[in-house]
Structure formats: structure tokens, C-alpha cells
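*Asks:* Sending over a structure as C-alpha cells; questions will come in a sec.
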Amino acid sequence: MLKFSHLFSRFFKDKEDEPELLKQIDRTKLPQHVAIIMDGNGRWAQSKGLPRSAGHRAGVETLRNIIEACVELEIKVLTVYAFSTENWKRPEAEVRILMNLIVEYLRKELDEMHRQNISIRPIGNLGPLPEEAKKELFRARETTRNNTGLIFNVALNYGGRKEIVEAAKAIGAKIEAKKMRADDITEDIFAGHLFTAGQPDPDLLIRPSGELRISNYLLWQLAYAEFYYTGVYWPDFNKAELLKAIADFQKRSRRYGGLA
Ligand code: FPP
């Protein structure tokens with residue numbers, strides 16, 4: 001009960017902080033693309049004596065709120081790391097829980113996301129995912145294909161190195177077929193062969209839960225991103241935390257190798 005009231009008081013404290021935090025945000029200097037490594041679900045659950053699955057379920061709630069916040073702020077692209085190529089190493093039961101959560105989430109949220117003009121783009125090698133998950137992901141992608149609001153990339157069975165290798169293979173195949181010359185390859189051409197083709201690169205990468213790693217995430221696209229780390233576990237991350245990250249981002253001097 002004590003823990004519960006602590007959770008609630010934290011939630012309301014953060015809710016109270018939102019208007020103040022919003023005032024600190026310069027709406028003309030928002031990041032165009034926010035990338036997030038949703039980390040700390042397991043530790044959040046463990047800290048509360050709950051099973052890891054409860055952490056993932058709470059993490060899905062956070063995701064719902066962060067998508068809502070990005071729509072409100074009119075951020076162009078949100079990319080979340082939901083399942084990496086390395087996450088298959090987890091116990092089968094946990095993998096099943098994560099896949100089921102994705103199915104459940106899309107079944108419940110797709111209509112509302114479509115209404116909010118969100119374009120859902122699964123990125124990664126979806127082939128090995130369970131059939132049910134693939135079905136819901138393809139349905140979500142097709143239903144929202146022509147939407148013009150927030151682009152929501154959900155990275156599943158995603159690995160940054162693999163993405164780069166696949167892009168290199170696709171370009172190599174075009175060269176073999178004499179549709180392109182090696183000399184034609186530019187950074188823009190290369191980027192056009194990635195899952196994020198046509199999208200601005202992430203300018204802000206958020207990693208909660210205190211880890212300071214990139215974990216094979218968007219390796220090409222993050223070249224000039226500003227990193228924001230926080231010790232807050234993903235299930236405790238919320239709109240106020242997102243606003244703090246954006247306020248911090250807006251204080252950075254982005255020089256791209258040049259001078260201020
Ligand atoms: C990292 O926490 C989290 C994941 C590997 C999964 C994130 C997935 C979700 C929040 C659900 C995705 C759902 C949808 C709808 C896209 P961890 O388990 O590694 O936590 P730990 O490091 O504390 O153990």
C-alpha cells in the first residue's frame with residue numbers, strides 16, 4: 001500500500017510539473033526525431049517484488065503516454081527499440097510475453113492511433129516473429145500507411161549492424177545488375193537504403209535506466225544525435241521526463257564538428 005501511494009504521489013507530482021516544464025520548451029526548436037531505448041522494465045518490476053512481465057506491461061503504458069506526448073508536441077518521428085536481434089537470448093517465456101504484448105497493444109490501440117493520424121512503421125527483420133505478431137504489425141502498417149502525422153517506428157528484431165549490412169547488399173545487387181555504379185554511392189543514397197529512408201535522422205536519443213550504451217541501435221542514423229541518459233526506469237518515464245529531456249536537448253550547442 002505504501003509503495004502504491006508513493007507511485008501515485010510521484011505521478012501527481014510529475015503531472016503538476018508538466019505545465020512548468022512545458023513553459024521551458026521552445027516549440028520552434030523541438031527535436032524532429034526522438035529515438036528511445038526503452039530500458040529498465042525488469043529492474044523496475046524487481047524493485048517492486050513483481051514478475052518481469054509486470055515491468056513490460058507497465059512499459060507498454062509508458063509507451064502509450066509517450067506516443068501521446070509526441071503527438072501533442074507535434075514531433076515528426078518517434079522510434080522505439082522494442083525487441084533487438086539479441087533479445088532472442090531471453091527465456092522463451094519472456095519472449096512470448098513481449099510478443100503477446102505487441103499483439104495486444106496493436107489490437108487495442110490501432111483504431112485510436114489511426115484516428116490520431118499516426119503512421120506505424122515496424123522496422124527490423126520481421127520474418128522470424130510469431131505469425132500473429134506479424135499479422136498485427138502488417139495490418140497496423142497498411143492501415144496507417146497514408147497517415148501524415150507522427151511517424152512511429154517500432155524496432156523489432158532490429159540490429160543496427162544488420163541494417164547496414166542489408167543496405168550494403170541491396171546497393172551491391174543494384175551495382176551487379178548495372179543499375180548503379182559504385183561511384184554513385186553517397187551518404188544520402190546509402191541512407192535511402194535503410195529502414196528510415198526519407199526520414200530525418202534522430203536528433204535526440206533517450207536511454208532511461210542508467211545504462212550508457214548504444215546497444216546496436218540506429219548505428220548510422222545516430223551519427224549526430226544528442227544523447228540523454230536518466231536513471232529513471234522506463235515504466236516510470238512519463239511526459240514530464242520527456243519534457244526534461246527535450247529541455248536539456250535545447251540547451252545543447254550542436255556544432256556538427258564545426259565551431260559554435
Ligand atoms: C528493456 O527492459 C525492455 C525490453 C527489452 C522490451 C521493451 C518492450 C516493451 C516496453 C513492450 C513493447 C511493446 C510494444 C507495444 C511495442 P529490460 O527487460 O531489459 O529491463 P532490465 O534491463 O531492467 O532487465
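*Asks:* When only C-alpha pairs under 8 Å and at least 6 residues apart count, what is the relative contact order of segment 1-138, in percent?
*Replies:* Over segment 1-138, the number comes to 22 percent.
*Asks:* Non-local amide H neighbours of residue 219 (under 5 Å, H modeled in plane, Pro and chain starts lacking H): which ones?
*Replies:* Under 5 Å from the amide H of residue 219: 160.
*Asks:* Roughly how tilted is helix 131-143, in degrees to the nearest 10 and between 0 and 90, from the longest Cα axis of the chain?
*Replies:* In the chain, helix 131-143 runs at an angle near 80 degrees to the longest axis.
*Asks:* What number results when the radius of gyration of segment 62-133, computed over Cα atoms, is divided by 2.2 N^0.38 Å?
*Replies:* 1.20
*Asks:* Per residue, what volume in Å³ does the convex hull of the Cα atoms of segment 200-260 enclose?
*Replies:* 102 Å³
*Asks:* Which cross-chain or sequence-distant (5 or more) residues have an amide H under 5 Å from the amide H of residue 227, H modelled 1.01 Å from N in plane?
*Replies:* Here 205 satisfy the definition.
*Asks:* Give me D for segment 141-260 in µm² s⁻¹, whole number, from Stokes-Einstein with Rh from the Kirkwood sum over alpha-carbon pairs, 37 °C and 0.692 mPa s.
*Replies:* So the translational diffusion coefficient is about 193 µm²/s.
*Asks:* Here is a further query. How about segment 34-143: which GluC sites (Glu not before Pro) there lie in a loop by DSSP and see at most 15 other Cβ atoms within 10 Å?
*Replies:* 74, 86
*Asks:* Kindly report, to the nearest 10 Å², the accessible surface of residue 212 as traced by a 1.4 Å probe over protein heavy atoms only.
*Replies:* Residue 212 exposes around 130 Å² with every protein chain in place.
*Asks:* Helix 239-251: angle to the longest alpha-carbon principal axis of the chain, degrees 0 to 90, nearest 10?
*Replies:* Helix 239-251 sits at roughly 60 degrees to that axis.
*Asks:* Output the Cα-based Rg and Dmax of the chain in Å, rounding Rg to one decimal and Dmax to a whole number.
*Replies:* 19.1, 68
*Asks:* Please list, ordered by chain and number, the residues whose modelled amide H lies under 5 Å from the amide H of residue 233; skip anything fewer than 5 residues away on the same chain.
*Replies:* 209
*Asks:* What's the tally of Lys pairs in segment 103-260 whose alpha-carbon atoms lie under 16 angstrom apart, where the two lysines are 8 or more places apart or on different chains?
*Replies:* So the count of such lysine pairs works out to 4.
*Asks:* Counting pairwise Cα distances across segment 21-60, what percent come out greater than 15 angstrom?
*Replies:* Summing the P(r) of segment 21-60 above 15 Å gives 56 percent of all pairs.
*Asks:* So, one more: Any chance you could give the angle, 0 to 90 degrees and rounded to 10, that helix 92-115 forms with the longest Cα principal axis of the chain?
*Replies:* Rounded to the nearest ten degrees, it is 90.
*Asks:* Could I ask something else about it? With 10 Å bins from zero, work out the P(r) of segment 129-189 over every alpha carbon pair and list the percent per bin.
*Replies:* 17, 30, 33, 19, 0
*Asks:* Grab the alpha carbons of segment 17-84, take their convex hull, and tell me the volume per residue in Å³.
*Replies:* Dividing the Cα hull volume of segment 17-84 by its residue count gives 102 Å³.
*Asks:* Would you work out the relative contact order for the chain, in percent, from Cα pairs under 8 angstrom that are 6 or more residues apart?
*Replies:* Relative CO of the chain lands at 28 percent.
*Asks:* Measure out, as a whole number of angstrom, how far apart the alpha-carbon centroids of segment 115-192 and segment 23-46 sit.
*Replies:* Each part's Cα centre sits 23 Å from the other's.
*Asks:* Let me ask something else. If I take the Cα coordinates of segment 92-151 and project them onto the principal axes, what are the three extents in Å, biggest first?
*Replies:* 37, 22, 15
*Asks:* When N is the residue count of segment 4-155, what does its C-alpha Rg come to as a fraction of 2.2 N^0.38 Å?
*Replies:* The reported ratio for this selection is 1.11.
The values are calculated or read from the model by the stated rules, or taken from the named source; none is laboratory data. Treat the numbers as computed from the prediction; the structure is a model and nothing was measured. Because the Cβ atoms are built from the backbone with ideal geometry, glycine has one as well, and the counts that use them run over all protein chains shown. We work out accessible area using only protein heavy atoms, side chains counted, and drop any ligands, DNA or RNA first. Shrake-Rupley method; radii C 1.70, N 1.55, O 1.52, S 1.80 Å.
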